[in-house]
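Report on one structure; see the data block that follows.
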């Protein structure tokens, strides 16, 4: 995911943020943050560029993984790792939201 792709993505959400519910914006922010952190980590630690296709592949499995609770078997470890990181971050975010609702 290069800077131009990110600009287009942020601009589309930024032009009408009120068109999206708070929960959708929160999920969007988590996915973007985790993706960028992972991209930077992979480049720094392994010299591996995380591509737009890597993100798209992982994204195609996100909803099924959330719906079923099953992580698909993926041949590409980068896509699988990114998917796992998203799921962990979203789960952590949900736990935080649940704690805030209790208090």
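The values are calculated or read from the model by the stated rules, or taken from the named source; none is laboratory data. Note that the structure is predicted; figures quoted are calculated from it, not measured. Counting neighbours? That spans all protein chains shown, and the Cβs are built from the backbone with ideal geometry, glycine included.
Below, the figures for the structure above:
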| quantity | calculated |
| --- | --- |
| Hits in segment 13-52 - residues which are modelled with pLDDT of 85 or more, part of a helix (DSSP H, G or I), surrounded by 15 or more Cβ atoms within 10 Å (Cβ to Cβ) and more than 12 Å from the chain's Cα centre (by Cα) | 42 |
| Selection within segment 53-79 - part of a loop (DSSP other than H, G, I, E, B) and surrounded by 11 or more Cβ atoms within 10 Å (Cβ to Cβ) | 71, 72, 74, 76 |
| Residue check for residue 97: modelled with pLDDT of 85 or more, in a helix (DSSP H, G or I) and surrounded by 11 or more Cβ atoms within 10 Å (Cβ to Cβ) | no |
